[in-house]
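Computed from the coordinates by the stated procedures, all read-outs in this text should not be read as laboratory data. Source: prediction; values computed, not measured. With ideal geometry, Cβ positions are generated from the backbone for all residues, glycine too; neighbour counts draw on all protein chains shown.
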Amino acid sequence: MLRILLILFLLLVIYWAGRSLWRDLKEGLRSQRASSKASSSSPPAVTDKLVKDPICGVYCARKEAYTAIWKGRVYYFCSEECRQKFLASKGSAASSAG
């Protein structure tokens, strides 16, 4: 009789533990789905503007672009090579800014 009661008690404990674990897993999946929907629905924040290289037409981030100033205007370039081509085409009137 004592063995039967002990087995029933152990089965009851296993049932409660399994039920609690199942509830926790379901809640975790719900919160994970909600967070993934929220993150995928909003676009990433823009941190820098794109500028167009006047030599080759390639767009690049302004903070990573090479620059030159000509007649008081800043020009942005994708590479040092494009910057040098620009400076050569404008002559010595262009000043270097980075």
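How much length, in nm to one decimal, is gained on full extension between residue 23 and residue 74, taken as 0.36 nm per residue of separation minus their Cα-Cα distance?
Between residue 23 and residue 74, full extension yields 12.3 nm more.
Under 15 Å from the Cβ of residue 62, count the other residues' Cβ atoms, weight Lys and Arg +1, Asp and Glu -1, and hand me the total.
Within the 15 Å Cβ shell, the charges total +2.
Taking other Cβ within 10 Å of each residue's Cβ, how do 86, 77 sort, fewest first?
86, 77
Taking θ = phi - 60°, what integer Hz values does the Karplus form 6.51 cos²θ - 1.76 cosθ + 1.60 yield along segment 45-62, in sequence order, with x for Gly and Pro?
Coupling constants for segment 45-62: 6, 7, 9, 8, 8, 8, 10, 9, 6, x, 7, 10, x, 7, 8, 8, 5, 4 Hz.
Can you list residues from other chains, or at least 5 along the same chain, whose modelled amide H is less than 5 Å from the amide H of residue 79?
66
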